[in-house]
Structures are given as structure tokens and as C-alpha cells.
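Heads up, the thing below is written out as C-alpha cells.
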């Protein structure tokens, strides 16, 4: 012997080492994945918190929260394309917040588009003023891989629209129940108007009767005014109008885009969910009518929307019901908050705070958290 110990490994020793390594890897990978998801969820909470704070800054600047969109037509319940009868609709809440979220160029392009056009979703999607085919970074959740497909559908009469992950709640009811200051809508709601008012959230679809009167007097005198009235600055809900309390009222949560079969060679998506520039239900708005990530156990409570991919298997939680036409019922739509976070969604409240809400939250509590003046008893949630 030369005094130096010689290490020798048998095949059995090597197999033991490899087995131990595999066990350690099997233990560490799930832990690593879980840690990464925790980090993504924290980032998502920060994202919705920033959007909520931007809404508060907007309220401080203009005297009200942004509206979901200004609808300057009688049939405000139509939320899709011009060819479907949605001939006059201003920038949605996300487009209104562009300047408050550091997207100044996109905001200026939207305002420029509004000087000559009347549909911020349908008219600002092509040419030099194309802002709707690019998703702003603040609208993307790190846990959800936003698909590369743009929305295009003859059903919605929309095209070239990109998708995001965050949406404003319209309350706990249907899209057509969230519309304020439109006498044609009030007539259609009839005896149900008082019940509809109790379902409304902070961010609502805004009718334009008083704004249009003002427009005829002043707003058409220059290009800037021709653009700005469509934003409905100061015409939304005021802080003082949140009677249920700003810390108990949700503003923003998540939606989950559906881009079809990943193996499909199609380059467009017919499903409207996630379209960030559209005010349509499931696109940039959602409802607390059902609980987070509702699985469709009751087939009547599946997402009921104006742009639904018919190829989704019925067993898929994202399976949906399509509403088409131009009658009032086409606005009887709702879509659940949805996310890729295991077990729930994140949401931000009207005071700028945010947290994670589990799928198991009671439906009545979830609905109470969405309304600004529902008069419910104080909702509590662990």
C-alpha cells in the first residue's frame, strides 16, 4: 500500500447513489414548484393592488372611479362589435387607466383614435392607432400563460384583439343589470330595477344621456373634446357612493383566457374571455354571480357570454353558454373570476388592498363582496 486510500464503487453502490438522488429530486421539485407558485401569487396580488390604487388615483383626479365603459347608444346591453349594433362605446376601464399605469403612448393612441371613431374596442385595433392587439404588462398575471392568439370571431364581430388576465367586477348580477343612466335599460328591467341596483359594483357600464346633452353644447368644438367625452371622466361611482365600505368591496380580480386546443393550427381564438380592451362579460369584466373558478356542476351556471368557443368539452370548467343577438337578453351574461392559482383567485378591494380568495368561499359572501350598496350584513371570510 502507498498510504493513499483508493475509492472503488461497485455497480450496486452506484445504483444506491442514483436512487437517493432521484428521491431527493422528487422531494425538491414539488417544493421548488410550490415556492415558485407562491412567488407568482404574491406578484399577482401586487399587480391587482397596483390596478386598484390606479383606480383610486383616477378617482382623486376625476372625481369618480372609471366606468366599465361609456355606452353612448340606446341598446347599451350590446357589448361586442359594431356590426352587432354596438355603434358607440368609449374606452373601457383598462384603457382609461393606461396613463395611470405608465402606458402613456397607448393612452395617447387611444385618445387619438377616439377623436374620429366611436368604438374604442372595435375601431382602435388596426393601422397606426393599433393599441388593442398588444396586451399591457399590467394586465398579465405571472401564473397564467397568456396565449399568443388574438381574438377574432364572426359571432362577436371583433378581430385583432389580444388578451390579458385581469377584470373589473360589475357586481353580483348580469351585464345588463350593471348599466346605469339609460332609460331604455331601466324600461327593460321593469319591476326588477331595484333588485338590479343592489347587484351593482363600483365599476359599472355608464349610459350617456346627460353626457350627450353636454356634448351637443360644448364637446364638439375641438378635437380634444371630441375625444375626451367618450372617456366619461368623473361620471362613474364616487368614493362616497360605496355604501358597503371600501375595504369590503372588491374592484378587480382575474379571468382566464381560453385559446382553444393547443394542438390546433388556427391562429385566432373565437372565445372572448380575457380580451383586455373589450368590456364584454368575461373579457375585461366579470361577475360574482358564481364563486371563483366555478366548475359548472350546475350547467345553468356555466359562464354565459357573448363569445364562447363551442369546441370546449362539456366536462371542462371553462365550458360556456353562448348568448347572441341584439335583444335585451343578449346582455344577460355573467362570467366567474378564474385563475391558474391552485385553489382560488386574487382580488383587490376599493381601498387598494388585495388578497387571495379560495374557491370554497360561500356564494352569498362572495356576492356581498362585489356590491357597493347591496345592504348586506358585513361579509367575513377567513
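Please treat every number below as a calculation from the coordinates, not as lab data. Computed from a predicted structure; not experimentally measured. Glycine also receives a Cβ, built like all others from the backbone with ideal geometry; neighbour counts cover every protein chain displayed.
Descriptive notes on the structure:
- Every helix of 4 or more DSSP H residues in the chain counts as -39500 (n - 2.57), and over all residues that averages to -8500 deg cm²/dmol at 222 nm.
- Spin-label zone in segment 145-177 - amide nitrogen under 13 Å from a point set 7 Å from the Cα of residue 83 along the C-beta vector: 152-160
- Per-peptide average of other Cβ atoms within 10 Å, ordering 241-251, 89-99 highest first: 89-99, 241-251
- Zone of residue 74's modelled label, taken as backbone nitrogen in segment 302-340 under 16 Å from a point 7 Å along Cα→Cβ: 326-329
- Largest mean-square fluctuation among 334, 184, 138, in a Gaussian network model of the chain whose springs join Cα atoms under 10 Å apart, belongs to 184.
- Inter-label distance, nm, simple model (7 Å from Cα along the C-beta direction), residue 195/residue 11: 7.7 nm
- Beta bridges by DSSP in the chain, antiparallel share as percent, to the nearest 5: 55 percent
- Spacing of the two label points (7 Å from each Cα toward its C-beta) at residue 112 and residue 187, in nm: 4.1 nm
- Spin-label proximity, residue 355 to segment 275-302 - amide N less than 17 Å from point 7 Å beyond Cα toward beta carbon: 292
- For segment 46-368: rounded, prolate or oblate by the Cα gyration tensor [a/c cutoff 1.5]: rounded
- Potential extension, residue 298-residue 18 segment - 0.36 nm per residue separation minus Cα distance: 95.9 nm
- Residue 365 paired with residue 39, simple spin-label distance in nm, labels 7 Å along Cα-to-beta-carbon: 3.1 nm
- For the options 194, 295, 329, a Gaussian network treatment of the chain with springs between C-alpha atoms closer than 10 Å singles out 194 as fluctuating the most.
- In plain terms, the bigger the Kirkwood radius, the slower the diffusion; for segment 242-382, with that radius from Cα pairs, at 20 °C and 1.002 mPa s, Stokes-Einstein puts D at 135 µm²/s.
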